[in-house]
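S.K.: Let me begin by handing over the structure; questions about it come next.
Readers should treat all values here as calculations from the given coordinates under stated rules, not as data from a laboratory. Owing to the predicted nature of the structure, the values given are computational and were not obtained by experimental measurement. Glycine also receives a Cβ, built like all others from the backbone with ideal geometry; neighbour counts cover every protein chain displayed.
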Amino acid sequence: MKFSEVRDIVKEIPFISEENAKILYDTILHQKPSDCLELGFAHGAASCYIAAALDKLGHGHLTAVDLIEAQEWQKPSIDDLLARCGLGEYVTVVREQTGYNWFLHDEIVRGSESDLCEPKYDLCVIDGSKNWTIDGLAFLLVDKLLREGGSEGEQLRRRLLSRMHDISEYMKSLKQRYTLWYNGVHGRVGTLWSERFKSVLVEGEAAALQIVSKVLA
Ligand SMILES: C[S@@+](CC[C@H](N)C(=O)[O-])C[C@H]1O[C@@H](n2cnc3c(N)ncnc32)[C@H](O)[C@@H]1O
């Protein structure tokens, strides 16, 4: 399915931006993953873009994981959206009581023999809790389940990591995505914050410790 076709169906649905959806779609066409994993699907907008790219490739599957309790606000649901796109056959929807880290734990147990885990995914999109404790562990667990990406995979990894080191770019995308989510859930429009971020010089050990304790609190 073409990018423009899926975009026309899901463009009003949170959360993924059109720009990021295009990157995801093109990455899949280029990398040709067979088995994809999405942690945190919400309404399934990104899932539809992934499934559309797999459909265009003519092969592949997506396993999409989210929380059972989130079903309440996920309207339209991932199943509705996939049906609208006619892409349901490409996706297995998993709803977990306890979150995706337990799903990953179970996948590792299922795929392990003599303490060695057989990787089973080629691509993983983590777009869930945005909580260091949960997602830090998710990265660690996913790493055990991912097949080797080769030199191109390594280049892509470096490109994405470098974006994380750019505070300006990071804050821009955080603000955009959070605003999209917040406006979607609360039925509002417009901007949420006036400034992107503030930069203040922290001098002296006492001040630095105070800031660190504030961040950790
Ligand atoms: C930003 S939304 C995902 C958006 C989606 N990837 C897209 O762009 O269309 C985050 C989702 O992660 C889910 N989530 C948060 N923590 C989770 C966890 N521990 N386990 C499973 N799902 C989780 C939430 O329920 C929510 O649906």
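S.K.: Restricting the count to DSSP beta bridges whose residues both fall in the chain, what percent are antiparallel, rounded to a multiple of 5?
M.R.: Among the beta bridges of the chain, antiparallel pairing accounts for roughly 10 percent.
S.K.: If you don't mind, there's one more thing I want to ask. Might you report the magnitude of the Cβ-based charge dipole of segment 167-216 about its Cα centre, with Lys and Arg at +1 and Asp and Glu at -1, to the nearest 20 debye? Don't skip to the answer; put the middle values down first.
M.R.: Numbers: 7 positive and 4 negative charges, 67 e Å.
Computed charge dipole of segment 167-216: roughly 320 debye.
S.K.: For n ≥ 4 DSSP H runs only, could you compute -39500 (n - 2.57) per run for the chain, divide by its residues and tell me the 222 nm figure to the nearest 500?
M.R.: On the way: 9 runs with 115 residues, N = 217.
Roughly -16500 deg cm²/dmol at 222 nm, from the helical runs in the chain.
S.K.: Mind checking which of His59, His186, His43 has the largest fluctuation in a GNM of the chain, springs on alpha carbons under 10 Å?
M.R.: Ranking His59, His186, His43 by mean-square fluctuation puts His186 first.
S.K.: Mind checking segment 109-217 for GluC sites (Glu not before Pro) that DSSP puts in a loop (not H, G, I, E or B) and that have at most 16 other Cβ atoms within 10 Å? Can you show the working numbers first?
M.R.: Numbers: sites: Glu113, Glu148, Glu152, Glu154, Glu169, Glu195, Glu203, Glu205; in loops: Glu148, Glu195, Glu203.
Qualifying residues, ordered by number: Glu148, Glu195, Glu203.
S.K.: Would you list the P(r) distribution for segment 3-147, with all Cα-Cα distances sorted into 10 Å bins from 0 and each bin expressed as a whole %?
M.R.: The calculated distribution, bin by bin, is 12, 43, 35, 9, 1.
S.K.: Restricting to Cα pairs below 8 Å that are 6+ residues apart, what does the relative contact order work out to for the chain? Please round to a whole percent. Don't skip to the answer; put the middle values down first.
M.R.: On the way: 265 pairs, mean separation 40.7, N = 217.
Contact order relative to length: 19 percent.
S.K.: Could you tell me which of Ile50, Ile167, Cys36 has its Cα farthest along the dipole of the chain towards the positive end, charges placed at Cβ (Lys, Arg +1; Asp, Glu -1), taken about the Cα centre?
M.R.: Of the candidates, Ile167 comes out farthest on the positive side.
S.K.: While we're on this one: Using the structure shown, select from Lys22/Lys172; Lys2/Lys75; Lys32/Lys144; Lys2/Lys130; Lys130/Lys214; Lys144/Lys214 the pairs with a Cα to Cα distance greater than 28 angstrom. Present the calculation step by step, with values, prior to reporting the outcome.
M.R.: Numbers: Lys22/Lys172 18 Å; Lys2/Lys75 24 Å; Lys32/Lys144 20 Å; Lys2/Lys130 30 Å; Lys130/Lys214 18 Å; Lys144/Lys214 33 Å.
Cα-Cα > 28 Å for Lys2/Lys130; Lys144/Lys214; rest within.
S.K.: Using per-residue counts of other Cβ atoms within 10 Å, averaged over each peptide, order 206-215, 28-37 from highest down. Present the calculation step by step, with values, prior to reporting the outcome.
M.R.: Details: 206-215: 10.2, 28-37: 18.7.
Descending packing order for the listed peptides: 28-37, 206-215.
S.K.: If the only charges are +1 at each Lys and Arg Cβ and -1 at each Asp and Glu Cβ, what is the size of the charge dipole of the chain around the Cα centre, to the nearest 20 debye? Spell out each step's value before the answer.
M.R.: On the way: 25 positive and 33 negative charges, 160 e Å.
The calculated dipole for the chain is roughly 760 debye.
S.K.: Would you work out which of Leu62, Gly136, Gln74 lies farthest towards the positive end of the dipole of segment 55-158? Charges go on Cβ: Lys and Arg +1, Asp and Glu -1.
M.R.: The one lying farthest along the dipole's positive direction is Gln74.
S.K.: Based on DSSP H assignment, which helices of the chain show an axial Cα extent of at least 18 Å together with a mean Kyte-Doolittle hydropathy greater than or equal to -1.0? Walk me through the intermediate numbers first.
M.R.: On the way: long enough: 18-31 (19 Å, -0.59); 45-57 (19 Å, 1.08); 132-145 (19 Å, 1.11); 150-164 (22 Å, -1.17); 167-186 (27 Å, -0.76).
Helices passing the filter in the chain: 18-31, 45-57, 132-145, 167-186.
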